[in-house]
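Structure record follows, encoded as structure tokens.
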Amino acid sequence: MTIPTRHLDDLISAYVDGQLAPPERADADAHLASCPACRAELGATEQAKAWIADLPPADVPFGFYERMRRDGAGPTSRQPKWVVRLGAVSLAATASMWFGIVGFGSLDAGRPGGLPPLSSLLNLHAAPQAAAASVEAAPTAARRKAASLGLPMELEGGYHLTDVVDHGSTELGLYRAGRNQISIGVTPGVLLIESLPPDTWMRWIDGHPVLVVPWHGSFVLMAQRGDTLVTMQGPELLPPEMTEEVDPRTPGHSLADRVEAAGRGLLQTFGLG
Amino acid sequence: VTDPPAGDGRPIEDADRIPTWEEIARDHGRFLYTVAYRLTGNHDDTQDLVQEVLLRVRRGLTTFTPGSLEGWLSRITTNAFLDEVRKRRRRPLELVPDLPDTLVGVDSDVEAARSAARLPEEIQTALLDLSPDFRAAVVLCDVVGLDYAEIAETLDIPAGTVRSRIHRGRAQLRKALA
């Protein structure tokens with residue numbers, strides 16, 4: 001057997017990591033059999049690897065998620081960009097889009113997670129639902145249905161339930177206060193990352209992740225509750241003053257503030273966060 | 001409520017399926033924090049780094065490919081870390097020549113060192129003494145468990161350079177922890 005005379009040097013780490021091709025490994029084995037220095041080096045390298053690999057997971061400090069929530073989903077320098085984009089959308093243009101997180105037909109049974117591509121759901125968002133929504137208080141049947149879904153009869157801000165609409169796999173609770181409408185959807189299934197639009201962002205609210213999906217100038221908030229996806233769209237995300245060039249630095253008026261308020265309401269509605 | 005078809009809406013134990021965003025937060029939050037902590041060595045920088053990672057995650061949600069979630073998170077984390085290091089220095093990452101390393105001298109205490117236990121804090125301190133690019137290679141290899149080809153792709157360096165950095169990083173760890 002020919003024994004390679006050259007020391008293994010950094011091949012030893014590749015050897016330890018199982019990254020040598022079979023012929024290289026055979027050569028290395030042959031060398032190690034005859035070279036005490038490289039054998040010692042091998043042992044020391046294995047030890048160095050084990051020191052790092054065997055380190056326990058880091059302790060996540062208490063309050064970590066809370067701090068993330070407080071600090072927001074990203075550097076504040078990025079927020080004005082959203083506000084500018086939001087400000088460019090007129091209230092009239094978005095009003096018709098506030099009416100409904102609409103169902104998207106049957107679930108695709110072959111798809112892991114239980115939800116079809118989210119674009120289907122979001123496309124149906126734009127379907128005008130305003131005319132169908134009653135301004136009267138919801139009929140008894142709708143109130144019973146809401147109760148069975150865990151939907152509240154009233155929301156903060158003077159909103160009351162006007163109807164619960166069955167859109168196939170999504171049940172949609174509609175709430176009104178004056179001319180403003182909020183919709184809350186309940187859809188069985190688990191949200192998949194791949195289904196989200198690329199400009200989706202995540203915000204931690206009370207230690208719970210809430211997805212914010214920009215859609216036609218407005219936003220849809222989403223939270224996963226077990227096997228159910230809960231979604232929300234409404235004027236909390238776009239206050240009436242928006243058309244009056246409200247300075248987004250006014251306390252409570254930044255997009256982050258409004259998203260947080262709306263997201264907290266959604267989470268609390270469903271016992272999350 | 002329309003009943004979903006059987007099997008839908010329930011977690012599916014399948015390594016190849018694409019995880020949900022909630023699973024990332026719930027199942028991989030600590031892993032993400034750990035990788036960030038190994039790189040930065042302190043909790044303040046770790047939290048900043050994790051936040052930056054989440055920003056990038058939400059921008060890159062659609063680039064995820066099934067089966068490598070922690071690898072994907074680790075790549076984002078490592079690159080965010082190295083970007084921050086570069087930014088702080090306001091100059092290119094330190095130029096450590098990636099020449100073939102020579103054999104580290106074998107001293108008589110090697111056997112003793114092998115059996116000596118080291119506290120996690122000592123190991124973390126030694127890890128922080130490595131240059132950021134050596135540290136990134138070692139963390140991706142030994143904390144995350146990526147192979148050399150994946151590390152090369154993550155750090156955008158040749159596989160031979162990966163091998164050299166990992167080996168030299170380990171040599172420095174041995175020296176520090178001897």
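No lab work stands behind these numbers, since they all come straight from the coordinates. Treat the numbers as computed from the prediction; the structure is a model and nothing was measured. Ideal geometry is used to build each Cβ from the backbone, glycine not excepted, and the neighbour counts take in all protein chains shown.
Calculated FRET efficiency, A:HIS160 to A:ALA53, Cβ-Cβ distance, R0 = 60 Å: about 0.55 to the nearest 0.05. Remark: the B:LYS175-B:ARG89 segment gains 28.3 nm on full extension, using 0.36 nm per residue and subtracting the alpha carbon distance.
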